[in-house]
Amino acid sequence: MLNEELVKSIVDQLGYSEFFIITFIMFSVLYFSFSALGYLFIIRQKSFKKVQSKPFRSEQIMTEVKRSFVSILMFAILSLWMCYGLKNGIYKYNYSFKFQEYLIEILALFLWNEFYFFIVHKTFHLKIFYKYHVDHHFSFVPSPFSAYSFHWSEGLLLGAVMPVAMFFYDFEFWSIMSLPVMSIILNALGHSNLDFFPDKDINSLYSFSKRHSLHHQNPHKHFGFFLPWLDMIYDRLFSRNVS
Ligand SMILES: [Zn+2]
Ligand SMILES: [Zn+2]
């Protein structure tokens, strides 16, 4: 049983510095545990073929970790705005926990996360912004440590996925807290460079890791992360030459 009043009183008492520190620690723990687990899995497993057979670049993992820490710092800076928003009524958590609502909100946040990523990612591929996104594409072959490996400006924009969603709807506290967990799991899998379902078509829902590895190899296609449909819709609406 979750004690709603206790959680609310704890969050209400947190100041700016606590928000910053808790966010920094929380994202560091999430990043390190899931990226390291994913990395150990891909170097030890023999069940799945790699999408790209090339090795990682020299110094790649260290560069990804350093850049990811800068992104985590951006997430912590964003938490100061969240703290301000919560203290001044711009944002509100719904502290009651209802399982059915939680599941619906998780699904909504997953879809929002996909849509938001697609828009930001597509924007960073515009000629004027690509010089920043090139930091992520430093990883020709992605690794689970690529998950947060961005230029600080992209880290800041991608990290805003949560406060932007909360601006429109008062989500349950626990569904908002689940978003970074869901996101890092999908991120580590999507950057695994493993082909989990080799028999599936590239546009299948199951081919997410294949699509994202191929995006790192050739940055002109597959801009969506997990779902294939946003690229399809975009191409149908805006591209003249879709094969
Ligand atoms: Zn990537
Ligand atoms: Zn890209």
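Which of the residues that make up segment 142-171 are more than 12 Å from ligand 1 (Cβ to nearest atom) and hydroxyl-bearing (Ser, Thr, Tyr)?
Taking segment 142-171 first, the residues more than 12 Å from ligand 1 (Cβ to nearest atom) are 151-153, 155-157, 159-171.
Those that are more than 12 Å from ligand 1 (Cβ to nearest atom) and hydroxyl-bearing (Ser, Thr, Tyr): Ser153, Tyr169.
Regarding segment 199-208, can at least one residue be identified that is without any contact (Cβ under 8 Å) to a residue 60 or more places away in the chain, within 11 Å of ligand 1 (Cβ to nearest atom) and not aromatic (Phe, Trp, Tyr)?
No, segment 199-208 contains no residue that is without any contact (Cβ under 8 Å) to a residue 60 or more places away in the chain, within 11 Å of ligand 1 (Cβ to nearest atom) and not aromatic (Phe, Trp, Tyr).
Out of the residues in segment 202-243 that are away from ligand 2 (no atom under 16 Å from the Cβ) and among the polar types (S, T, N, Q), state the one that is surrounded by the most Cβ atoms within 10 Å (Cβ to Cβ).
Ser207
Checking the condition charged (D, E, K, R), more than 11 Å from the chain's Cα centre (by Cα) and more than 13 Å from ligand 2 (Cβ to nearest atom), which residue from Asp135, Asp170 passes?
On the way: Asp135 fails: more than 13 Å from ligand 2 (Cβ to nearest atom).
The conditions single out Asp170.
Of the residues Ser178, Ser139, which single one is touching a helix residue (DSSP H, G or I) at 6+ places or on another chain (Cβ under 8 Å), more than 11 Å from ligand 1 (Cβ to nearest atom) and among the polar types (S, T, N, Q)?
Numbers: Ser139 fails: more than 11 Å from ligand 1 (Cβ to nearest atom).
Step by step, each of Ser178, Ser139 is checked, and only Ser178 is touching a helix residue (DSSP H, G or I) at 6+ places or on another chain (Cβ under 8 Å), more than 11 Å from ligand 1 (Cβ to nearest atom) and among the polar types (S, T, N, Q).
Tell me whether segment 229-240 contains one or more residues that are in a loop (DSSP other than H, G, I, E, B), over 27 Å from Gln45 (Cα atoms), of a type in the set (Ser, Thr, Tyr) and at pLDDT below 95. Before the answer, list the steps.
Within segment 229-240, the subset in a loop (DSSP other than H, G, I, E, B) is 239-240.
Subset that is over 27 Å from Gln45 (Cα atoms): 239-240.
Imposing the further condition that a residue be of a type in the set (Ser, Thr, Tyr) reduces the set to 239.
With the extra rule that they be at pLDDT below 95, the set shrinks to 239.
Yes - at least one qualifying residue is present in segment 229-240.
Given the criterion under 19 Å from the mean Cα position of the chain (by Cα), surrounded by 18 or more Cβ atoms within 10 Å (Cβ to Cβ) and either within 16 Å of ligand 2 (Cβ to nearest atom) or under 21 Å from Val70 (Cα atoms) (or both), identify the matching residue among Ile184, Ile176, Ile119.
Of the residues listed, the single one that is under 19 Å from the mean Cα position of the chain (by Cα), surrounded by 18 or more Cβ atoms within 10 Å (Cβ to Cβ) and either within 16 Å of ligand 2 (Cβ to nearest atom) or under 21 Å from Val70 (Cα atoms) (or both) is Ile184.
Out of the residues in segment 209-228 that are more than 16 Å from Ile42 (Cβ to Cβ) and either aliphatic (A, V, I, L, M) or assigned to a helix (DSSP H, G or I) (or both), which is nearest to ligand 1 (Cβ to nearest atom)? Walk me through how you get there before you give the answer.
First, pick out the residues of segment 209-228 that are more than 16 Å from Ile42 (Cβ to Cβ): 211, 214-215, 217-228.
Right, trim to either aliphatic (A, V, I, L, M) or assigned to a helix (DSSP H, G or I) (or both) and you get 211, 214-215, 217, 227.
Working: Arg211: 10, Leu214: 11, His215: 7, Gln217: 11, Leu227: 15 Å.
If we take residues in segment 209-228 being more than 16 Å from Ile42 (Cβ to Cβ) and either aliphatic (A, V, I, L, M) or assigned to a helix (DSSP H, G or I) (or both), then His215 is nearest to ligand 1 (Cβ to nearest atom).
Kindly establish whether Ser53 is exposed (fewer than 14 other Cβ atoms within 10 Å of the Cβ), under 23 Å from Ser209 (Cα atoms) and free of Cβ contacts under 8 Å to residues at least 24 places away in the same chain. Break it down into steps so the answer makes sense when it comes.
Numbers: exposed (fewer than 14 other Cβ atoms within 10 Å of the Cβ): yes; under 23 Å from Ser209 (Cα atoms): yes; free of Cβ contacts under 8 Å to residues at least 24 places away in the same chain: yes.
Yes, satisfied.
Considering segment 88-114 alone, what residues qualify as being assigned to a helix (DSSP H, G or I) and surrounded by 14 or more Cβ atoms within 10 Å (Cβ to Cβ)? First the steps, then the outcome.
Residues of segment 88-114 that are assigned to a helix (DSSP H, G or I), as a first pass: 99-114.
Within segment 88-114, Glu101, Tyr102, Glu105, Ile106, Ala108, Leu109, Phe110, Trp112, Asn113, Glu114 meet the criteria.
With respect to Ser239, is the statement that it is of a type in the set (S, T, N, Q) and in contact with a helix residue (DSSP H, G or I) (Cβ under 8 Å, 6 or more places away or on another chain) true? So that I can check it myself, show each step before the final result.
Numbers: of a type in the set (S, T, N, Q): yes; in contact with a helix residue (DSSP H, G or I) (Cβ under 8 Å, 6 or more places away or on another chain): no.
Considered against the rule, which asks whether it is of a type in the set (S, T, N, Q) and in contact with a helix residue (DSSP H, G or I) (Cβ under 8 Å, 6 or more places away or on another chain), Ser239 comes out as no.
Select from segment 41-65 the residues that are in a helix (DSSP H, G or I) and under 26 Å from Gly159 (Cα atoms) and list them in ascending order. So that I can check it myself, show each step before the final result.
Pass one, segment 41-65, residues in a helix (DSSP H, G or I): 41-44, 60-65.
Once the filter is applied, which keeps residues that are in a helix (DSSP H, G or I) and under 26 Å from Gly159 (Cα atoms), segment 41-65 yields Gln60, Ile61, Met62, Thr63, Glu64, Val65.
The values are calculated or read from the model by the stated rules, or taken from the named source; none is laboratory data. What you are looking at is a predicted structure, and each value in this text was computed from that prediction instead of being measured. Ideal geometry is used to build each Cβ from the backbone, glycine not excepted, and the neighbour counts take in all protein chains shown.
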